[in-house]
Amino acid sequence: MFLKLIKSPISYVVMAMIIAIMAFVGRLLDIPFLYQIKEGLPETSVNTIVLILLMSVALLIGSGNLDRVSRFWSMLFITGIVFSLSLTNLTEVYTEHFFGMATSSDLAKLQLAAIVASPQTSWLFFLLSFGVLSGLLFNEKYAYNLEQGAATLAAFLLLIYTSAYLNHITDFYQSVHSLGISIVTIAAVACLTCATLILHGDRGFWVLILQKRLGSFLLRRALMFVLAAVVVLSAIRSYLASNEVIYADGIVISLMLMMSLVFLYTYSVKINAIEEQKECIEGYFEEVFRAAPNGMVLVNSQGKIIMANDHMTKVSLYSHDELKNMHVEGLVPEPLRKEHQILREAYIKRPRRRPMGVGRNLTLLKKDGSICPVEISISPAQVNNEKIIVAAVIDISYRLEMEENLETLERKAYIDTLTQINNREWFDESVGFFLEGARRLNKKVAFCFCDLDGFKQINDRYGHGIGDEVLIEVSRRMQMVIRKDDAVVRFGGDEFLIILNHIDHQEAVERVMNALIDAMNKPIVIGSLAINCGASIGVSFFPDDGQTAEVLVEKADRSLYHVKSSGKNNFSFTADTLDSE
């Protein structure tokens, strides 16, 4: 909870507002302690109180949840007022100081009270308002550096003023016309400076201090040490010197050495703990890396392999020593190496976690020269400020073999073993797609039920072996006649169903049927035999003759029966059959 508070700009802004309100109450009720601390020291003016409150409101808006446009214009307006007032104060004081002349009444009217802000205070608010305005108005590349740079300069001025107070160097905190910066103002402006520094802490050069890294950690602690050392040692020296202790400087030097030793000891312990934690994490990573169920490989920005696990050696057939410092392109088949190098270099520039080669078949070149199909997933990482690629490599040769076997089995389940065309099971599974497609496109589908003429006599005369050869040749001729979007199905025995897809007119079916009859009338040559085998075909149309496959096949069968009874070796449409009946 405490860490969240000190990292929030709002916390510092609220503290600054509380200090300003207390100072205002002190002036209102004439309680000097609230705006002066001690008699004889500079006071916090009403003008300064107004500047603190205005700057607090601006930073509060910048830390809030207002939309971008509202935040921009609100901060620009309020910070612009602070910038103008601080510049006016500086102009008025230094004009009179250097030129011995009073400022115009117009400038005087800009003062919100008779007691003006000191030049020290005005410089601080000038820097803070300039920084915030820079963050609003300039290009983002420079804006936050300017904002934080101005706030850092203000922080150094505050450190000088604080040291001057502790060492009684009056000229530093009190200058022309007895104007000076009060301790109350220093406290409030210190809060505003902290708020400005961390307002955009994730950007600009100040991000270096806020990063969760060893160097940033040491820098934060070193800054705190310097700040504490200046304040504490200045206070001790001032106290001892004021009491005329002879060895004041010697004591201060001794204390500085002791504090340095404490500092070094504290950070040695912290660094050792961090390094130990780092080694532990690296050990965990190496264990996970080596125990991964896939091949794992780390590749540096030059394309060299810096580490590989045991599974990677099994996949590639290379040993650990052979893989180490080997170019990753050595695992890529020769024709693809140049392309792989270009893609790898592009990935290093814009890394992101993703599977590699989506939509492509990736292969890995083994030590024995064989090619292995693989899947690769890559992720970016950073080790010792060097970009590396973590690649997970999976040998998928066994999986592809299993998938191919499964596809073969599935294909066999829907393929007629004799003719190698679709069987009845395929028809039952697929016919719905034909009908649904025709329905969406407002097309017709022709169901052509075909039966061979005289096939029983062929079997009886020449035997089933010759009959099978006839069926194979008939299936081939049917496939030669139809289009690639059509289908031939063997229903069983010498019965076939031809599905003609996306039909616009009956004439198109007539042309296919005539071509099919002509193809069937040609003799089938098997060895020394020339066998004649015609075909009778009945045709029904979706959706004209029926809405379901069962009805359409039944009507096509009736048309086929009509052809058989009318002389065979011809075709007939369902409509013609009904007319003849």
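The values are calculated or read from the model by the stated rules, or taken from the named source; none is laboratory data. What you see is a predicted model, and the numbers here were worked out from it, not measured in a lab. As a convention, Cβ positions derive from the backbone with ideal geometry for all residues, glycine included, and neighbour counts pool all protein chains shown.
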The lone condition residue 367 fails out of (1) within 30 Å of residue 401 (Cβ to Cβ); (2) assigned to a loop (DSSP other than H, G, I, E, B); (3) within 29 Å of the chain's Cα centre (by Cα) is (3)
- Query: Would you call residue 449 surrounded by 15 or more Cβ atoms within 10 Å (Cβ to Cβ), in a helix (DSSP H, G or I) and at pLDDT 90 or above?
  - Reply: no
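Output the number of residues of the stretch 452-481 satisfying the condition of being under 57 Å from the mean Cα position of the chain (by Cα) and surrounded by 14 or more Cβ atoms within 10 Å (Cβ to Cβ). Working first, answer last.
Initially, the stretch 452-481 is screened for residues under 57 Å from the mean Cα position of the chain (by Cα), giving 475-481.
Restricting the remaining residues to those that are surrounded by 14 or more Cβ atoms within 10 Å (Cβ to Cβ) gives 475-479, 481.
Looking only at that region, the number is 6.
Give the stretch 440-475 a look and list any residue that's without any contact (Cβ under 8 Å) to a residue 40 or more places away in the chain and of a type in the set (Lys, Arg), or say none. Let's see the steps before the verdict.
Pass one, the stretch 440-475, residues without any contact (Cβ under 8 Å) to a residue 40 or more places away in the chain: 440, 442, 456-457, 459-461, 463-465, 467.
Correct list: 440, 456, 461.
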Filter the stretch 133-164 for residues that are in contact (Cβ under 8 Å) with a residue 24 or more places away in the chain and of a type in the set (Ser, Thr, Tyr); the one that is farthest from residue 196 (Cα to Cα) is 163
### So residue 506, is it surrounded by fewer than 16 Cβ atoms within 10 Å (Cβ to Cβ), over 20 Å from residue 553 (Cα atoms) and either under 56 Å from the mean Cα position of the chain (by Cα) or not hydrophobic (A, V, I, L, M, F, W, C) (or both)
no
Over the stretch 340-364, the set of residues surrounded by fewer than 11 Cβ atoms within 10 Å (Cβ to Cβ) and either modelled with pLDDT of 90 or more or assigned to a helix (DSSP H, G or I) (or both) is 342, 346, 349
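Which one of these is hydrophobic (A, V, I, L, M, F, W, C) and either farther than 22 Å from residue 123 by Cα or modelled with pLDDT of 90 or more (or both): 1, 75?
Numbers: 75 fails: either farther than 22 Å from residue 123 by Cα or modelled with pLDDT of 90 or more (or both).
Exactly one of 1, 75 is hydrophobic (A, V, I, L, M, F, W, C) and either farther than 22 Å from residue 123 by Cα or modelled with pLDDT of 90 or more (or both), namely 1.
Take the conditions part of a loop (DSSP other than H, G, I, E, B) and surrounded by fewer than 17 Cβ atoms within 10 Å (Cβ to Cβ) and apply them to residue 484. Does it pass?
Numbers: part of a loop (DSSP other than H, G, I, E, B): yes; surrounded by fewer than 17 Cβ atoms within 10 Å (Cβ to Cβ): yes.
Yes; evaluated as a whole, the condition is true for this residue.
Among the listed residues 76, 60, 66, 87, which satisfies the condition of being surrounded by 17 or more Cβ atoms within 10 Å (Cβ to Cβ) and assigned by TED's automatic domain parsing to the domain that holds residue 9? Quick ask: steps written out before the conclusion?
Details: 76 fails: surrounded by 17 or more Cβ atoms within 10 Å (Cβ to Cβ); 66 fails: surrounded by 17 or more Cβ atoms within 10 Å (Cβ to Cβ); 87 fails: surrounded by 17 or more Cβ atoms within 10 Å (Cβ to Cβ).
Every option except 60 fails the conditions.
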- residue 408: in the same structural domain as residue 495 (by TED's automatic domain parsing) and either over 31 Å from the mean Cα position of the chain (by Cα) or modelled with pLDDT under 80 (or both), yes or no? no
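Could you please let me know if residue 98 is over 46 Å from the mean Cα position of the chain (by Cα), in a helix (DSSP H, G or I), modelled with pLDDT under 85 and more than 16 Å from residue 52 (Cβ to Cβ)? Write out each step before concluding.
Working: over 46 Å from the mean Cα position of the chain (by Cα): yes; in a helix (DSSP H, G or I): yes; modelled with pLDDT under 85: yes; more than 16 Å from residue 52 (Cβ to Cβ): yes.
When the stated conditions are applied, residue 98 passes them.
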Next on the checklist: Can you say whether residue 518 is without any contact (Cβ under 8 Å) to a residue 12 or more places away in the chain, in a helix (DSSP H, G or I) and charged (D, E, K, R), as far as the supplied structure shows?
Outcome noted: yes
- Yes/no for residue 438 being of a type in the set (A, V, I, L, M, F, W, C), assigned by TED's automatic domain parsing to the domain that holds residue 549 and touching a His at 6+ places or on another chain (Cβ under 8 Å): yes
A careful count of residues in the stretch 539-570 that are within 16 Å of residue 444 (Cβ to Cβ) and not in a loop (DSSP other than H, G, I, E, B) gives 11
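How about the stretch 105-214: which helices (runs of 4 or more DSSP H) wholly inside it have at least 3 residues that are modelled with pLDDT of 75 or more? It would help to see each step written out before you state the result.
Values: elements: 105-109, 119-137, 140-166, 170-173, 183-199, 207-210.
The helices (runs of 4 or more DSSP H) meeting that bar are 119-137, 140-166, 183-199.
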Selection from the stretch 262-276 of residues at pLDDT 65 or above and either of a type in the set (Val, Ile, Thr) or under 16 Å from residue 383 (Cβ atoms) (or both) yields 274
Review point. Can we say residue 551 is surrounded by 15 or more Cβ atoms within 10 Å (Cβ to Cβ) and β-branched (Val, Ile, Thr)?
Key: no
Just a yes or no: is a residue in the stretch 298-310 surrounded by fewer than 19 Cβ atoms within 10 Å (Cβ to Cβ) and farther than 19 Å from residue 381 by Cα?
yes
Checked the stretch 370-402 for anything modelled with pLDDT of 85 or more, in contact with a Leu (Cβ under 9 Å, 6 or more places away or on another chain) and in a strand (DSSP E or B); matches are 371, 372, 373, 374, 375, 376, 388, 389, 390, 391, 393, 395
Any residue at all in the stretch 397-419 that is under 24 Å from residue 294 (Cα atoms), in contact with a Ser or Thr (Cβ under 7 Å, 6 or more places away or on another chain) and not polar (S, T, N, Q)? no
